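The values are calculated or read from the model by the stated rules, or taken from the named source; none is laboratory data. Because the structure is a prediction, the values reported are computed rather than measured. Note that we place each Cβ from the backbone using ideal geometry, even for glycine, and neighbour counts take in every protein chain shown. Side chains included, ligands, DNA and RNA excluded: accessible areas come from the protein's heavy atoms. Shrake-Rupley method; radii C 1.70, N 1.55, O 1.52, S 1.80 Å.
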Amino acid sequence: MFAAYQAMNGKTPDIISSSPVLAERDAEEWAAFYKELGITVNVNTNKSEEKELKKCYECQVVYGTTQDFAGDFLRQRFHRQDVRPKRKFQCVIVDEVDSLMLDKGLEVVYLNSNIPLMESLNVILSDIWFIINQLKRLNTGEILGPIQLFSQVLSEIIHENKNIDPHSIVQSAVDAGIMPISSSMQMQENTTHVLKQLDNTSVVQMVAFLTMFVRNFPEYFFKLYQGGPDGNLQKLNEIGSTGINNKPEISILLLGNGKCRLVYYEEDSLVKSLGKIIKKCLSETPKEQNESCIPGLEDLINGKVQTWIENALQATKMTLGHEYILHGDGVAPVDYECTGVVQNNMRWGEGLQQFLEMKHQTKLSNMGLITNFMSNVGLFKKYSNQIYGITGTLGKQIELEILKKLYDGIDTCKIPSFRRRKLYELEGMVIPEEDEWIRTVCNVVQHQVTSTVYRGPRAALVICETIKRAEMFCRTLADTISKHKLKLYVNNNMNNSTITDKTVQAGDVIIATNLAGRGTDLKVSDSVNEAGGLFVVQTFLPLNIRVEQQAFGRTARQGSPGSAQLIMCASHFSDSVKLVMSLNTSITSLCSRLNQLRASLMLCGSTESEFEEAVNRYLTNRSSQNQEAMVSALTNLLTMNSFSFMEGNLDKAKDARNTLVKIRLSGFLEKDIPEIISKEELFSEYLDVLDNVYEDKVFSDQRDVIVPCLHECWGLWLLMNFSEEKPIETLKEQLKVDLSIANQRFLSNLSPSSMVYYYIRSGNNLRDKGRLVESIEMYSKALEDGAYGEIIPLYNRALATIMKKDTGYITQALADLEKADKEIDSCKSHLDHIHTIVKLSSQE
C-alpha cells in the first residue's frame with residue numbers, strides 16, 4: 001500500500017527483498033492489487049536481456065534484490081548497457097531491514113569483466129593447488145608439507161643464511177661419512193654439488209649430516225621424526241641446544257632415499273613456508289632468459305601468493321552442501337548463515353572460486369579483477385533520505401544505533417501486532433555428541449507428527465544449517481515418516497511450489513535450510529492448527545538473535561498457534577563460539593571444577609599427579625624432552641572430560657554468540673564500512689574519467705579497445721595501491737594522475753602498462769576495419785613488448801613479405817611463421833592473428 005501511495009504521487013519506488021524467491025512471490029501476489037489502481041509493476045530478477053530489463057525499469061514499482069538493483073546500475077553506468085536510462089533512486093522500501101542492511105550490509109556486487117591477463121594466473125593457482133594437495137593433516141594436529149628432497153630443504157636453509165660458507169657444508173658431508181675426502185677437495189666452492197650427494201641418502205646418513213651441520217652452526221635446532229605404525233609422528237632425535245634465544249627450530253619427517261617432509265604445527269608457518277617455495281619457483285623459470293611468463297604482474301603475484309595459499313587451504317576445508325553446491329558446470333556459493341539462498345550469480349574472490357573448481361574438477365573460470373562494484377550500503381545511500389523498511393526482528397539497541405549512524409535521518413518506531421502471537425517455545429537443548437543429537441531431533445519430530453490422547457498429529461519444519469545436514473535428516477527420517485509426507489526445501493534452483501504454494505497437512509515434515517527460515521509463509525491446515533499448529537525445530541545455533549527469531553517466526557503467524565525448539569549439537573559450534581564460552585566461564589565455576597578434579601585424583605590414590613611429576617622432572621633437568629612431557633601432561637589435564645565446558649548450557653552458547661555479534665558489528669562500523677565507502681569514492685572518480693573517454697571524440701576511433709584496457713589499468717591500480725592508511729584525497733589525486741598518463745599513452749598508440757593486450761586488441765580492431773598496415777604495426781609492438789627475442793626477426797621478415805602482397809612470397813612468409821611457431825608455443829595466439837593477415841593479403 002505504501003508503494004502504491006508513492007507511485008500515485010509520481011515517485012518510482014523500489015521494493016527490495018532478501019531473496020529472489022520472495023521478490024518474485026510478492027510481485028506476483030500483489031500484481032492484481034496494482035492493476036486495480038492502474039500502477040505498473042515488474043520484478044528485476046532472472047532477467048538478462050537489455051530490452052527486458054529496460055521494460056522492467058520503465059514500470060512504476062519494481063521488486064527485486066540488492067544484487068539485481070546494484071548489478072543493473074553497474075550495467076548502465078559501467079558497461080553502458082541501456083537497461084535503466086531514466087529511472088532514478090527516488091524511494092526504496094526494504095523488506096527484512098536487519099538482513100539486508102546489517103547481516104548482508106558488507107555484501108558487494110560486481111559484474112564480470114573480460115580480463116585476458118587474469119587467465120595467465122591460472123597456471124600459478126594450479127601449481128599452488130598441486131602443492132596443497134600433497135599436504136597431510138595428522139590426527140595429532142601436525143601438518144606435513146609436500147615431499148621434498150633433503151637437499152632442497154638444506155638449500156633453502158643455506159639460501160636464507162648468508163653466513164653459511166660452502167666449505168662448512170663440504171666438511172659436514174665428509175664428517176658424516178657421506179662424501180670421501182678426495183671428492184671434497186674438488187667441491188670446496190660448489191655447494192650445489194655437495195647437496196646433490198645427499199640425494200638417495202638413508203635416514204641414518206641424514207641424521208649424521210645434520211648432527212655435523214649443527215656443530216658448525218649451533219644457532220639451529222632440528223626435531224627429527226619417523227612415521228609411526230599408526231601413521232602419526234614418532235620422535236627420532238633432537239639435534240641442537242635450546243639455550244639460545246630466537247633459535248630457528250626446524251621439524252623434519254625423514255622418509256629415506258634422500259626424501260623428507262617438513263612438519264608444521266600451525267597454518268601460519270605453513271603458509272609462509274609454501275609462499276617462499278612458490279616465489280622461488282617463479283623466480284627461477286623465465287627470468288633466467290630475460291623474459292617474464294606474465295609480464296607486468298610480478299608485483300601482483302608476489303603480493304598475493306600468500307593470500308592464494310590461504311584460500312587454497314580454505315578450499316580443502318569447505319564442504320559440498322555446506323558453503324557451496326555444484327550448479328550447472330560450476331560451483332555456486334550458498335548463503336547458509338542468513339538466508340539459505342544458493343547465490344547463482346556470485347563468485348568468491350582471491351582464487352577461492354578457482355580452487356573449489358579444481359577440487360571438483362569442474363570448468364575452470366578465470367580469477368576476476370574487480371573493476372566495478374557496489375555494496376549494499378552504497379546502494380541504499382543512493383536513496384538519500386527516502387529509505388523505508390520493515391522487519392519483525394531488528395534485534396537489540398546496538399543494531400538500531402548502527403543503522404542511525406550509517407544513514408542520516410533514519411528513525412524507527414514499533415508497530416504493535418494486529419493479532420496476538422501464540423508461540424510456545426520449548427526449552428532448548430545442547431547435545432554433546434552428534435549421533436545422540438540426530439536421534440533426539442528425529443524422536444522429537446516423530447512425537448510431534450504423531451497423534452496423542454490429547455491432540456491430533458501436527459506438522460513439523462526442521463531447519464538445518466546446511467544442505468548436507470538437511471539431506472542427512474531427510475534420509476534418517478525416511479525410516480519412520482512416509483515418503484509422501486517428507487519434503488526437502490533446500491535449493492532455490494528447484495521448483496519448490498509443492499511446499500510454498502500448498503497447504504501443510506497433518507503429519508507433513510518439511511526439512512529445510514534457512515531458505516525456509518526468512519520470509520516464507522507456510523499455509524497450515526485447520527487440523528494442524530487444532531492440534532497445536534506448526535512445530536519448528538532449529539537444529540543449529542543461528543548466526544544471531546535475528547536469524548533465530550525469523551526461524552521461529554515461521555510458526556504462530558497471524559494469530560495461529562505454534563511451538564518451536566532449539567536442539568543443537570555442541571560439536572557443531574564454531575571455534576570462536578567455543579572460545580568465548582570458555583572465556584566466559586566464571587572463576588567460581590572454574591575453581592569448583594578444579595576442586596572436583598583434585599578430589600577425583602585423590603580418590604584414585606594418586607599421591608602426586610602426572611603433571612606435578614612432570615614439573616618436578618623438568619625443574620631437576622631442563623631438557624627439551626622433559627619440557628615436552630610437562631606440556632603434554634598439562635594438555636591432558638586441561639582437556640579431561642571432567643574439565644569440559646561444552647556439556648549442556650544453552651544460555652552460555654547464546655551469550656557467546658551474542659558477544660561475537662557485538663564484536664562483529666563494532667568492526668562493521670569502525671573498519672569495514674569506511675573501507676567500502678573509500679573504495680566506492682575511488683570508483684566514482686574512475687566513472688568520471690570513463691565518462692570523459694566516451695564523450696571525447698578523439699577516442700572514438702579506438703574506444704572499443706581503449707575502454708577494456710582502461711578497465712584493466714583501473715582494476716590493477718586499485719588492487720595494488722589501495723590502502724586504508726592513505727588519506728582518500730591522496731588516493732583520488734594519485735588515481736587521476738595515473739589515469740591521465742594512461743590516456744596520454746593511448747593517444748600515442750602505446751600500451752598504458754607492460755601488458756601486450758592493448759596492442760593485440762588494437763591490431764584486431766584495425767584488422768576488422770580493413771586497415772591492415774596499422775594492424776601489422778600493432779601486432780609488431782605486441783611481439784616486441786612480449787620480448788620474444790630470437791623469433792622476432794622471423795616475424796619481421798614474414799610481415800615484410802606480406803606487405804609486398806606478392807603471392808610468390810606468401811609461401812616463404814608462412815614457412816617463417818611456422819618455424820617461429822615451433823620454437824615457442826606461447827606465441828601461438830599472435831601467430832593466429834598474423835596468419836589471418838596473410839590470408840587477407842592473399843585474397844587481395
Assuming 0.36 nm per residue, please report the length gained on full extension of the stretch TYR388 to THR498 beyond their Cα-Cα distance. 36.3 nm
Burial order of peptide ranges 68-77, 726-735 (average beta-carbon count within 10 Å, highest first): 68-77, 726-735
Three principal axis lengths of the stretch 416-538 [C-alpha, angstrom, descending]: 40, 38, 32
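How high is the FRET efficiency from GLN90 to GLU530, r the C-beta distance, R0 41 Å, rounded to 0.05?
Here the calculated transfer efficiency is 0.30.
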How much length is gained if the chain between GLU52 and VAL204 is pulled fully straight, taking 0.36 nm per residue apart and subtracting their Cα-Cα distance, in nm to one decimal? 47.3 nm
Label point distance in nm, ILE301-ASN133, each placed 7 Å from Cα along Cα→Cβ: 2.1
In whole angstrom, largest first, the equivalent ellipsoid semi-axes that the Cα gyration tensor gives for the stretch 649-753 are 42, 13, 11
Could you compute the FRET efficiency for THR620 and GLU160, with r as their C-beta to C-beta distance and R0 at 51 Å, rounded to 0.05? 0.90
Accessible-area order (highest first, 1.4 angstrom probe) of the listed residues MET212, MET367, MET429: MET429, MET212, MET367
In Å and whole numbers, how far do the C-alpha atoms of the stretch 1-92 stretch along each principal axis, longest first? 36, 28, 20
Simple spin-label estimate for ASN112 and SER576 in nanometres, 7 Å along Cα-Cβ: 3.0
If the chain between GLU724 and ARG455 were fully stretched, how many nm would it gain, using 0.36 nm times the residue separation less the Cα-Cα distance? 90.7 nm
Could you check the spin-label model distance between GLU219 and ASN749? Points 7 Å from the Cα along Cα→Cβ, value in nm. 5.7
Assuming R0 = 45 Å, can you tell me the calculated FRET efficiency for the pair HIS322 and VAL773, based on Cβ-Cβ distance, to the nearest 0.05? 0.20
Kirkwood-type radius of the stretch 382-443, with distances r between different C-alpha atoms, in Å: 16.1
